[in-house]
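Worksheet: one structure, shown below.
The values are calculated or read from the model by the stated rules, or taken from the named source; none is laboratory data. Note that the structure is predicted; figures quoted are calculated from it, not measured. A quick note on method: Cβ atoms are made from the backbone with ideal geometry, for glycine too, and the neighbour counts reach across all protein chains shown.
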Amino acid sequence: MTVTTRLAAAALLLLSLAGCEGMSRGQQRALSGGAIGAAGGAALGALTGGSALTGALLGGAGGAAIGAITR
């Protein structure tokens with residue numbers, strides 16, 4: 001990975017985090033739950049021989065729902 005690629009990835013990460021500043025606590029939980037669920041679903045889908053995309057969609061939806069309803 002080149003230095004330029006690493007700097008671009010770091011800048012993208014920082015910009016994406018800045019977008020969460022004005023969110024309520026519940027919105028932040030739903031977003032982080034969806035992201036964690038999507039990553040886990042994609043990994044499980046790929047590891048079990050299924051579709052990583054389907055796993056990501058289902059995991060993301062479930063994670064967002066759980067994140068939104070928890071306190």
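Details
- Tallying residues that are surrounded by fewer than 16 Cβ atoms within 10 Å (Cβ to Cβ) and under 9 Å from A64 (Cβ atoms) within the range 36-46 yields 0.
- The residues of the range 1-32 that are modelled with pLDDT under 85, loosely packed, with under 10 Cβ neighbours inside 10 Å and not in a helix (DSSP H, G or I), listed by number, are M1, T2, G19, E21, G22.
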